[in-house]
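Take a look at the structure below.
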Amino acid sequence: MLLKILFLASTPQFREVGDTALPGVLTTCGTPQQDYIIEVNGGGLALGDFDGDGDADLVVVDGSTLERAQKGEPGLPPRLFLNTSEPGRIRFEPAGAAWAMSGGRWGMGCASGDFDGDGWLDLVVTQWGPTRLFLNQAGRGFQEVEKPGFVGDGWGSSAAALDYDGDGWLDLAVIRYLAFDTREIASRTSGKCRWKELPVMCGPQGLTPVHDQLYRNLGAGRYQDASMSAGFRPPSAAFGLGCMPLDYDQDGDADLYVANDSQPNHLWENQGGGKFAEVGNARGAATTSAGKELASMGIGCNDLDGDGLAELFVTVFSGEENALFWPKERRNKDGVKLAPMFKERSGPLGLGGPSRPLLGWGTALEDYDHDGDIDVHVFNGHVYPQADEPGTDSSYAQRDQLYRNVSTDRTKPKFAPEPLSDAGPLVTRASAPADLDGDGDLDLVALVRGGPVRVLENLGGAAGTHWLRVRVAGEAPNTQSIGARVTARCGDVVRSREIRTAGGYQSAVPAEAHFGLGAAELVDVLEVRWPDGHVQRQERVPADGVITVERKTGAAK
């Protein structure tokens, strides 16, 4: 039985605690005037257990300024903050010198995973410049790989760890935005770019998109560019921003969805044998139902209705409606399952209209109130400071949103928007969820463009609601079992999650599955389908705890 508790919108689900959890930590992204597009998208963040003590630490990927870059000076370095929280008190502390990372050219996003198969969480940083790999030295610090095999020095935005060829090693997709060179691109003051008759920075329209990259893991911190050999190269490049690996067609291998700015989104279907095919248009996931491309930014992914197929939620530019691509199972005349088709359904479910005045970035689909169904968070903020000018019908700083699932029928979700937290309007970009204080619910971390790191404490679900967090420990080299599927059955309610670390927009999340269980005090059957197809089941798993399922024995801790 599903317990549904309706909350008052006057009581936000989250409380801002950044002033005490991470005081004085700021990021840099150009100047407030934002004369060039490089100054718009902000930095990245990763939540994951880097020191091996069981809780989620925080990496903040910082940026730079054009003045520094033009002088050949490095940008601001990525920084690791170790989690020292306790129940009721979220707190991060700067990591020691062994974890120090040097500044690159201009940091953007990041990805996490056990890239060398030694059981410790590693880090990839994308930037305006070469992609970088930092290997975890058994929880004692980072060491950068000097020549990991990443090629080119373009503008990398998001990245994702996935095992596309099924050999157990975590490969890497790097999503790239555009070719940026101030010698070839006019500034806000020297160019003729206009938005609502106001002079603004130029792009992405009129600039040159660049192809995304796929790297095959060769082991020992070495990669090989497999973009061409894997077919990961469409005829025309796109302005890539967000990405999300998922097994959308449930055939056991890793597919990849990419959010493109002002161009059709890409859905890369894994064909097996280390090959991809781009099927976004063919599967209905590239544009709106009317065939209009979106200015897509971030991606959220989860199974909203319990049918085992993951929905894809995409945040977009102001004046457009955030999109929800809903998959529908298909079979041929012989009953053989086919790849699902998507239909855009944000409007009927309450996710479209309320987003139209806003410009969305970081997002995720998770059960934030533990009532048993999936909610949606969206961090907002315009790209043009000029949005504050009279007559624009917009604003630069914007309020964030929680779309709470208010349906009493889990198979038919319906969403109602409300303020995400007690904060006022801000200009926020990347975000990531994780249980930071060990109380079972998912908190949030987000980055203000050129401003502070936001930490949002989840105030929890209603009395009588329960939860479960599941970690899966696989065999080397895929020690986190990226790509595994975890299913929790409580009576006739079925919930499934795919294990991944990609956060949807320039961010990374812990490799675990979080379930809100409503009134259920135990999970009747917990099932793990490992990346190799092997299935393990456990019965009568108690709620309100964190368990680890091991691949070798199937035992839970």
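No lab work stands behind these numbers, since they all come straight from the coordinates. Since the structure is predicted, the reported quantities are computational estimates derived from the model, not experimental observations. A quick note on method: Cβ atoms are made from the backbone with ideal geometry, for glycine too, and the neighbour counts reach across all protein chains shown.
Points worth noting:
- Span from the the stretch 387-413 Cα centroid across to the the stretch 334-368 one, whole angstrom: 14
- Peptide ranges 513-519, 396-402, 177-183, 457-463 listed from the most packed, as the mean C-beta count within 10 angstrom indicates: 513-519, 396-402, 457-463, 177-183
- Label-point separation, Asp388 to Asn332 (7 Å along Cα→Cβ), nm: 6.0
- Placing a label point 7 Å from the Cα of Asp492 along the Cα-to-Cβ line, the residues of the stretch 411-435 whose backbone N sits under 16 Å from it are 411-412.
- For the chain, the relative contact order comes to 16 percent (Cα pairs under 8 Å, sequence separation of at least 6).
- Sequence-ordered 3J(HN,Hα) estimates for the stretch 132-149 from the Karplus curve with 6.51, -1.76 and 1.60 and θ = phi - 60° stand at 10, 10, 10, 8, 7, 8, 6, x, 10, x, 9, 9, 6, 7, 5, 10, x, x Hz, glycine and proline given as x.
- For the stretch 39-48, putting each phi into the Karplus relation 6.51 cos²θ - 1.76 cosθ + 1.60 with θ = phi - 60° gives couplings of 8, 9, 7, x, x, x, 8, 10, 10, x Hz, in residue order, rounded to whole numbers and with x for Gly and Pro.
- In summary, the lysines within cross-link reach of Lys192, defined as a Cα separation below 29 angstrom excluding same-chain residues under 8 places away, comprise Lys71, Lys292.
- Diffusion coefficient, µm² s⁻¹, Stokes-Einstein with Kirkwood Rh over alpha-carbon pairs of the stretch 493-543 at 37 °C and 0.692 mPa s: 257
- Beyond 16 Å, the tail of the calculated P(r) for the stretch 232-309 holds 51 percent of the Cα pairs.
- Correct choice for Cα Rg over 2.2 N^0.38 Å that was computed from the model, options [x] 1.53; [y] 0.89; [z] 1.42: [y]
- For Arg176, residues with placed amide H under 5 Å, excluding near neighbours: Ser157, Asp212, Gln213, Gly240
- Rg ratio for the stretch 1-129: its Cα radius of gyration over 2.2 N^0.38 Å, N being its residue count, equals 1.28.
- Across all Cα atoms of the stretch 313-362, the radius of gyration (one decimal) and Dmax (whole number) stand at 14.6, 47 Å.
- Sparse-neighbourhood loop sites, trypsin sites (Lys or Arg not before Pro) in the stretch 251-339 - DSSP loop, at most 13 other Cβ within 10 angstrom: Lys292, Lys333
- Residues of type lysines that Lys275 reaches as a straight line, Cα spacing below 22 Å, ignoring anything fewer than 8 places off in the same chain: Lys337
- The chain - mean residue ellipticity at 222 nm from DSSP helices (-39,500 (n - 2.57) per run, n ≥ 4, rounded to 500): -500 deg cm²/dmol
- Under 5 Å from the amide H of Phe50 lie the amide H atoms of Asp57, each residue being 5 or more positions distant or on a separate chain, with H modelled from the backbone and absent for Pro and chain starts.
- Relative to the Cα centre, the charge distribution of the chain, modelled as +1 at Lys and Arg Cβ and -1 at Asp and Glu Cβ, gives a dipole magnitude of about 1100 debye.
- Packing-based ranking of 486-498, 14-26, 536-548 yields 486-498, 14-26, 536-548, ordered from highest to lowest mean Cβ neighbour count within 10 Å.
- Here the 3J(HN,Hα) profile of the stretch 444-451, calculated from phi with Karplus coefficients 6.51, -1.76 and 1.60 at θ = phi - 60°, is 9, 10, 8, 10, 7, 4, x, x Hz, Gly and Pro shown as x.
- Amide H contacts under 5 Å for Val472, placed H, 5+ residues apart: Val549
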